[in-house]
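Notes for the one structure printed next.
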Amino acid sequence: MPTRNKIEVSEEIKRVTKIVTDKIAETGTKNTEVKIPWSGHTGDVPLFLDYFEGTMFDKIEDVASKYPNNIAFDFMGKHTTYRRFVENVHIVAKSLKTIGVRKGDCVTIAMPNCPQAIYAFYAVNLVGGIANMIHPLSAEKEIEFYLNESNSVTAITLDQFYHKFESIRKNTKVVNIIIASIKDELSKPIKAGYMLTDGYKIKRIPKDAPVIRWKQFIKLSRCCFYNYKVDRRSNDPAVILYSGGTTGTTKGIVLTNKNFNALAAQIKATNPMYTTGDKMLAAMPLFHGFGLGVCVHSMLANGGRCVLIPRFTPKSYAKDLVKYKCNFVAGVPTLFEALLRLPSMEKADLSSLKGVFSGGDSLSIELKKKLDQFLADHKATIQVREGYGTTETVTACCLTPVNFAKEGSIGVPFPDTYIKIVKPGTDKELPYGKEGEILLAGPTVMKEYWKHPDETANTLRKHKDGLTWVYTGDLGIMDNDGFIYFKGRAKRMIITSGYNVYPSQIENILEAHPAVQLSCVIGVPDSYKMEKVKAFVTLKPGIEPNQDIKDSIMNHCRKNIAKYAMPYDIEFRNDMPKTLVGKVAYRKLEEEEQKKFKQQAQ
């Protein structure tokens, strides 16, 4: 049975539903102030929420009108108030309008967590466009794919990534490339240090390069006097994020304004300790729903303060966590595992923390125990809360309650969110405690896969209950209390440092190399990344394995594969293990690597 809001599920649901319906009858309206125990365990969390009916930027502007002098975000020591934040978004929106961005146009943003990226994201929303968010470290061919898949005619990136864009530009429809620089958003003392350390490493852009530099771009706003604001509805498409979906083929996930605004409301509701002005350490990247939805929009839409980290390292994360006395942090298990090993954290005071969230990958029971002890040893009064979600639901839809955790559980669904466990690929619900496919429904469910109607129809299915369900391809169980336990993935996928890597995509790239006959890519255990990517290759007849061949294949990969998805090693095999039907037995290779890992650990 679905765990949320279905009267037949349990007497507890009947009880809390009666509380709400009685209140509605009394007041004549759905009242978000009706307080009930969230799944019976957490205290004051509403069962139903009212959602902002407008765009993402409408929501930000509403917050700015209430708290104009509050700090919206910090970036390398420089603060930006909500008033200034909104003013800059309007300026960037006028500039976008001047260069021809219109309602429904896709604008590709390939940037780290920096102010220009935030301004551009909301400005695209203001002019009625769709923000096509991609990893700035993507390989050239991946960038080409993203630009063409979205039909982007405008791209915004940093100076350090210009040469990748320029090399594939001729193969796309891109008209304008806007180039920003980190140094332009730094205070003078910080800028001087940046130029001496990182700035000088950036390859110079030719003076006559066919680009619009950020300062020039901003000046173009003077040419736009009106009609740059476009009326958009909450259910209109607003963002494209990329994922492998259920098949492992890269697809754009179309998310709406309501998807993001609903997530913001749910995040606040499930964190009753949150107060306006609380600080979130925003290290998760903007091209990822975890970073964009949870760490940035959900905070800004609720009057929070984001501490932007442009280039993540465990050291930078730890430094800003302590320096800014952050109240909330979110990350993947590998990040938290790295924090445990940092000498600089030995005397850290973490008493300011109100919430620590782990997602993007499974948090092992042992690592959670270590993290909880680490927090307690550093004056924090809270424990790690594990969550779950998919990019198809803006990443987060399930979270461990504040004061009631169950060992190994990823928690319970957000308000207005439904989860049920079914026989994989069907609509047949399974009993409590029975493993099956995890299905999701609620206000954060995506609109569609961009230009993939068949995949959309396969992933989004309407059931007799009237709800549209996301078939996640993930396996799990639900206990009698409605807690969910993640058990694995039905689809083949590697998660390394929180990033999804689809082996079939890497294999296709490997097999495009003229020396490669056959390949198999697997995830192998790693004490830091949890998994890392390894490739097995059989060469074509007559080609002998040697270092030159290996280097050639690795160079081929670097041009076509994002850095985070690169194989750390290539192992040559004369033959691959096969299944009874002749397919490569990748599970056999996984077992071999797991055995090696255990032997090395002993």
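The values are calculated or read from the model by the stated rules, or taken from the named source; none is laboratory data. From a predicted model like this one, the values you see are computed outputs, not experimental measurements. For neighbour counting, all protein chains shown are included, and Cβ atoms are generated from backbone atoms with ideal geometry for every residue, glycine included. Note: areas computed on protein heavy atoms with side chains; ligands, DNA, RNA excluded. Shrake-Rupley method; radii C 1.70, N 1.55, O 1.52, S 1.80 Å.
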ARG311 label point, 7 Å along Cα→Cβ, cut-off 17 Å on backbone N: hits in segment 539-581?
563-564
Pair SER364, ILE205: separation of 7 Å Cα→Cβ label points (nm)
4.4
Under 17 Å from LYS94, Cα to Cα: aspartates and glutamates that are on another chain or at least 8 residues apart
ASP58, GLU61, ASP105, ASP231
Could you give log10 I(q)/I(0) at q = 0.14, 0.15, 0.19, 0.23 Å⁻¹ for segment 456-570, computed by the Debye formula over C-alpha point scatterers of equal weight, without solvent?
-0.71, -0.78, -1.02, -1.26
Above-threshold pairs, the threshold being 24 Å between Cα atoms, out of LYS188/LYS354; LYS534/LYS596; LYS66/LYS188; LYS78/LYS258
LYS188/LYS354; LYS66/LYS188; LYS78/LYS258
The ³J(HN,Hα) series, computed from each phi in segment 293-306 with the Karplus coefficients 6.51, -1.76 and 1.60 at θ = phi - 60°, rounded to the nearest Hz and given as x for glycine or proline, is x, 7, 7, 10, 4, 5, 6, 5, 6, 10, x, x, 10, 9
Can you tell me how segment 233-356 classifies by the Cα gyration tensor, rounded, prolate or oblate, using a/c under 1.5 as the rounded cut?
oblate
Amide H of ASP526: which non-local residues (sequence gap of 5 or more, or other chain) have their own amide H closer than 5 Å, using H built in the peptide plane?
GLU531, LYS532
³J(HN,Hα) computed for each position of segment 74-90 - Karplus, 6.51 cos²θ - 1.76 cosθ + 1.60, integer Hz, glycine/proline x:
10, 9, 6, x, 10, 9, 10, 7, 4, 4, 5, 4, 5, 4, 5, 5, 5
Under-5 Å amide H pairs with SER243, H placed in peptide plane, nonlocal only
LYS251, ILE253
Taking all pairs of distinct Cα atoms, average 1/r, flip it, and tell me the Kirkwood hydrodynamic radius of segment 326-441 in Å to one decimal place.
15.5
Karplus-derived 3J(HN,Hα), 6.51/-1.76/1.60, for each residue of segment 422-438, Hz, glycine and proline x:
10, 4, x, x, 10, 10, 7, 6, 9, x, 4, x, 9, 6, x, 7, 7
Cross-link partners of LYS215 among aspartates and glutamates (Cα-Cα below 14 Å; sequence separation of 8 or more within a chain):
ASP159, ASP184, GLU185
Can you give me the orientation-averaged projected area of the convex hull built on the Cα atoms of segment 386-524, in nm²?
10.6
Check cross-link reach from LYS487 to the lysines: straight Cα distance under 17 Å, and skip same-chain residues fewer than eight apart.
LYS368, LYS406, LYS420, LYS423, LYS434
Please report the carbon-and-sulfur percent of the accessible area for the chain; probe 1.4 Å, protein heavy atoms only, DNA, RNA and ligands left out.
51
With a 1.4 Å probe and every protein chain left in place, work out the accessible area per residue of the chain in Å², rounded to a whole number.
43
Taking the DSSP beta bridges in the chain as the whole, what percent of them are antiparallel, to the nearest 5?
60
Calculate, for LEU340 and THR98, the FRET efficiency according to 1/(1 + (r/R0)^6) with r their C-beta to C-beta distance and R0 41 Å; round to the nearest 0.05.
0.25
Taking amide H positions as placed 1.01 Å from N in the peptide plane, with prolines and chain starts having none, which residues 5 or more places from CYS306, or on another chain, fall under 5 Å of its amide H?
PHE73, ASP74, MET280
If one computes the Cα centroid of segment 511-536 and of segment 201-237, what distance in Å separates the two points?
39
Shape call, segment 515-584: gyration tensor on alpha carbons, a/c limit 1.5:
oblate
Which of the three applies to segment 62-147, rounded, prolate or oblate, going by the alpha-carbon gyration tensor with a ≥ b ≥ c and a/c under 1.5 meaning rounded?
oblate
Just to compare against my own numbers: the Cα pair-distance distribution for the chain, 10 Å bins, whole % per bin, please.
3, 16, 27, 28, 18, 7, 1, 0, 0
